[in-house]
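A quick write-up on the structure given underneath.
The values are calculated or read from the model by the stated rules, or taken from the named source; none is laboratory data. This is a predicted model, so every value here is computed, not measured. Cβ coordinates were reconstructed from backbone atoms using ideal geometry, including for glycine residues, and neighbour counts include every protein chain displayed. Calculation scope for accessible area: heavy atoms of the full protein, side chains included, ligands and nucleic acids excluded. Shrake-Rupley method; radii C 1.70, N 1.55, O 1.52, S 1.80 Å.
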Amino acid sequence: MIAKVLTEQQINKIHQTSLEILERIGVIIPHDEILSRFAERGANVDMKDKRVRISDDLVMELLSKAGKNFTFYGRNLSKKAEFGVGKRNYNTSGGQALWIDNIDNKRRYSSLNDVTTAVKFADALEKITIPGAMADPHELPVEWRCVAVAFETIKNTTKPIIFWFHDRASAKFIVDIIIALRGDEKKAQKLPMFHPLLEPVSPLSFPFNGIDLLFETARLNMPVSIGPMAQMGLSAPATIAGTLAQENAEILAGICITQLIREGIPVCYGGICHAFDMKTTQLIFSGPEQAIFSVAMTQMGKYYNLPVYINVGLTDSKRPDAQAGLECGLTLALGTAAGADIFGHMGICGVDQASSLDFLVMQSEIISYVESINREVTFEEEAFAIDIIEKVGPKGSFLDKQHTVEHFRNELWFPTLLDREYYDTWNNKGASSMEKRCRKRKEEILATHKPELLADDVTKELEEIVKKAQRNLTSSA
Amino acid sequence: MSQENLYGEISDAIVNLNEDKARELANKAIDENFNILNVIEEGFGAGIRRVGELWDAGEFFLPELMRGAKIMQDCLDLLIPHLQGGIERKTLGKVVIATIEGDIHSIGKTIVATMLRAYGFEVYDLGADVPAEKIIDEAIEKNVDIIGVSALLTTTMLGQKKVIEILKKKGISNKFKVILGGAPVTSKWVEECGADGYAENAVEAVELAKSLLHI
């Protein structure tokens with residue numbers, strides 16, 4: 001299945017416009033070391049305003065240096081997430097401020113316990129290749145929170161992971177964690193397990209900490225995703241074309257920054273611009289514009305031969321209901337068909353309004369469905385089965401044929417949660433809704449799944465690093 | 001043109017989001033030495049209230065609301081230096097507003113500032129990445145009624161609490177109403193911080209500010 005919205009000419013026009021934005025208007029980078037490095041490479045830097053205007057030659061040169069594929073490895077090295085090689089990956093949320101235990105309950109602030117629950121849960125979900133922390137523990141001090149979250153996430157899954165980095169000081173301890181886990185620095189570099197996200201603040205500016213912490217992760221040549229959430233009409237022009245060009249410019253500027261820190265750092269192109277709702281006055285996670293943005297951004301990222309991450313499979317709904325199914329399903333189907341490398345983040349209720357495992361269960365089913373849409377259909381001679389058609393002849397049935405027995409399991413997708421029952425059977429079984437089935441499945445997984453434990457000596461070693469982070473990073477205030 | 005006719009035309013220019021016309025009428029009011037205070041209140045004020053009504057009715061969307069407020073603000077900047085006889089424009093109250101230290105997300109905060117201004121508050125917008133101490137110093141210096149603190153990140157929202165803690169430490173927390181906003185902020189957080197109010201969006205923020213000052 002292939003989805004496209006841009007012609008080659010339109011891709012080129014967006015590319016050229018982005019380069020013009022970077023050269024004529026430039027970006028704000030509140031980081032003097034990076035500004036100096038831009039200046040050394042001949043960029044037009046205003047140190048006072050922290051503004052850099054980058055020529056198209058420099059953009060293209062730095063872009064050419066960026067690593068264009070990479071693989072994350074879990075604790076279990078056979079659990080991989082490959083980027084830039086035509087594979088599809090799915091991650092759960094890196095962390096939300098709020099948490100919903102059950103859909104009918106009110107949301108509450110997240111805790112470290114929620115990280116444990118969420119990661120164990122995603123460890124059980126076959127389609128989730130990268131479990132995220134899903135919760136941003138409210139009770140932990142910000143200074144070392146992400147170190148504790150990293151450890152808790154590693155402890156509860158054997159897959160690669162995602163969580164939010166905070167700043168350079170805490171990133172140092174996170175680097176120590178992966179080195180301890182892998183055995184030495186060389187192995188830690190060869191076998192990355194997670195990576196930071198550099199999130200430009202649209203329009204055309206960057207956060208200090210997001211850049212500064214890359215000086216630590218660059219030690220291991222750790223991949224970096226660059227994903228600005230430009231919002232059409234709010235922090236980007238009110239047009240799809242304008243938003244795409246600005247979003248692309250911001251990503252390219254972010255890639256330049258990574259390559260000035262260390263040439264060759266692999267990058268992931270985060271084309272995650274969104275529409276903005278002029279009525280509710282907040283971002284729209286999953287309107288029709290999201291499908292257009294995501295397919296177009298995938299085309300742009302692939303034009304640069306980069307791995308691509310897009311925000312699809314999401315919903316604005318507060319319940320895993322019909323709206324959620326429509327929004328998650330359609331955007332994910334189109335985003336995957338466009339050929340991006342990773343989709344998500346999964347498990348979010350509404351527009352970053354909380355984490356919810358009920359949503360994650362529903363999305364897991366949608367992923368399975370969409371993966372099936374993206375299958376390679378066989379058109380071999382055997383598949384056409386003309387001999388079988390002849391054998392059955394007019395008015396016959398294919399059910400009892402060997403050809404059918406041999407093929408149907410490969411050609412047919414089986415749901416685990418969607419209802420396809422006869423009416424009376426469905427009714428007699430309790431006439432359940434999708435929401436109810438999601439909840440039931442959630443409770444089953446919570447009750448049964450136990451992830452493979454981390455070895456005791458490694459656990460102790462990592463615990464020490466977290467404690468050290470706590471000691472060193474606790475502010476005196 | 002009579003002053004009353006002018007009010008109507010100004011109000012229409014704001015509702016029609018016609019910047020050129022609104023400026024032309026503002027300059028005309030200055031040239032013809034009309035009562036500027038009345039021009040502001042009964043012309044521009046009436047216009048922005050109509051814009052607000054269109055928003056409430058679901059006919060106007062955020063860009064129209066913001067555009068109306070922006071045109072009004074630009075015209076007010078023209079008019080205020082011409083207020084006759086040292087008359088000061090009576091505002092609904094004074095507000096100091098900022099995005100907290102460590103956070104450079106300023107758009108939401110700026111929308112709130114614009115809306116508050118449009119509805120008649122005097123607003124001191126300190127920008128983004130502003131330390132709690134500085135917000136409080138400004139609040140004291142400008143003798144404001146309300147302190148508005150925005151945070152978009154779970155890591156920076158703690159700064160909102162710090163503002164209230166410092167106010168308490170200084171023994172001046174009863175002098176100001178503190179309102180909080182931003183994506184991770186909920187009414188529960190406001191309660192936890194001991195702040196006075198929370199609004200989900202800019203329009204609600206205006207209502208909140210009014211109700212806190214019993215307007």
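Numerical summary
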read-out	value
When residues of the stretch B:131-157 are limited to those that are touching a helix residue (DSSP H, G or I) at 6+ places or on another chain (Cβ under 6 Å) and either open to solvent by 60 Å² or more (accessible area, probe 1.4 Å) or assigned to a loop (DSSP other than H, G, I, E, B) (or both), the one nearest to A:Pro141 (Cα to Cα)	B:Thr155
Qualifying residue in the stretch A:430-439 (condition: over 26 Å from A:Ala122 (Cα atoms), out of contact with any helix residue (DSSP H, G or I) (no Cβ under 9 Å at 6 or more places or on another chain), outside any helix (DSSP H, G or I) and at pLDDT 95 or above)	yes
Counted residues, the stretch A:168-188 - those being surrounded by fewer than 19 Cβ atoms within 10 Å (Cβ to Cβ) and hydrophobic (A, V, I, L, M, F, W, C)	3
Residue check, B:Leu180 touching a strand residue (DSSP E or B) at 6+ places or on another chain (Cβ under 7 Å), part of a strand (DSSP E or B), open to solvent by less than 60 Å² (accessible area, probe 1.4 Å) and touching a residue at least 12 places away in the same chain (Cβ under 8 Å)	yes
Qualifying residue in the stretch A:115-135 (condition: open to solvent by 20 Å² or more (accessible area, probe 1.4 Å), within 12 Å of chain B (Cβ to nearest Cβ) and in a loop (DSSP other than H, G, I, E, B))	no
Top-ranked residue of the stretch A:138-151 - restricted to ones that are crowded, with 22+ Cβ neighbours inside 10 Å and of a type outside the set (A, V, I, L, M), ranked as farthest from the other protein chains (Cβ to nearest Cβ)	A:Phe151
Pairs with Cβ under 8 Å, 6+ apart, first in the stretch A:1-22 and in a helix (DSSP H, G or I), second open to solvent by 90 Å² or more (accessible area, probe 1.4 Å) and at pLDDT 95 or above	A:Ile11/A:Tyr303; A:His15/A:Tyr303
Residue check for A:Asn209: within 14 Å of chain B (Cβ to nearest Cβ) and either outside any strand (DSSP E or B) or within 19 Å of the chain's Cα centre (by Cα) (or both)	yes
Residue satisfying condition, being within 14 Å of another protein chain (Cβ to nearest Cβ), under 20 Å from A:Gly227 (Cα atoms) and open to solvent by less than 40 Å² (accessible area, probe 1.4 Å), within set A:Phe83, A:Phe165	A:Phe165
Any chance B:Thr110 is at pLDDT below 95, within 14 Å of chain A (Cβ to nearest Cβ), crowded, with 17+ Cβ neighbours inside 10 Å and not in a loop (DSSP other than H, G, I, E, B)	yes
Selection within the stretch B:61-107 - closer than 27 Å to B:Tyr198 by Cβ, in contact with a Lys or Arg (Cβ under 8 Å, 6 or more places away or on another chain), away from chain A (no Cβ under 12 Å) and assigned to a helix (DSSP H, G or I)	B:Ala69, B:Gln73
Breaking point among (1) open to solvent by 10 Å² or more (accessible area, probe 1.4 Å); (2) assigned to a loop (DSSP other than H, G, I, E, B); (3) under 20 Å from A:Thr17 (Cβ atoms), for A:Lys302	(2)
Filter pass, A:Glu381 being open to solvent by 100 Å² or more (accessible area, probe 1.4 Å) and over 31 Å from the mean Cα position of the chain (by Cα)	yes
Scope the stretch B:194-213; condition farther than 20 Å from B:Thr91 by Cβ and either of a type in the set (Lys, Arg) or more than 12 Å from every other protein chain (Cβ to nearest Cβ) (or both); matching residues	B:Gly194, B:Ala195, B:Tyr198
Enumeration of residues in the stretch A:97-114 that are part of a loop (DSSP other than H, G, I, E, B), hydrophobic (A, V, I, L, M, F, W, C) and within 14 Å of chain B (Cβ to nearest Cβ)	A:Ala97
Single residue of A:Leu191, A:Leu214, A:Leu220 found to be away from chain B (no Cβ under 12 Å), in contact (Cβ under 8 Å) with a residue 40 or more places away in the chain and open to solvent by 10 Å² or more (accessible area, probe 1.4 Å)	A:Leu191
Filter result (open to solvent by less than 100 Å² (accessible area, probe 1.4 Å) and in contact (Cβ under 8 Å) with a residue 40 or more places away in the chain) within the stretch A:395-447	A:Trp413, A:Pro415, A:Leu417, A:Leu418, A:Met434, A:Glu435, A:Cys438, A:Arg439, A:Arg441, A:Lys442, A:Ile445, A:Leu446
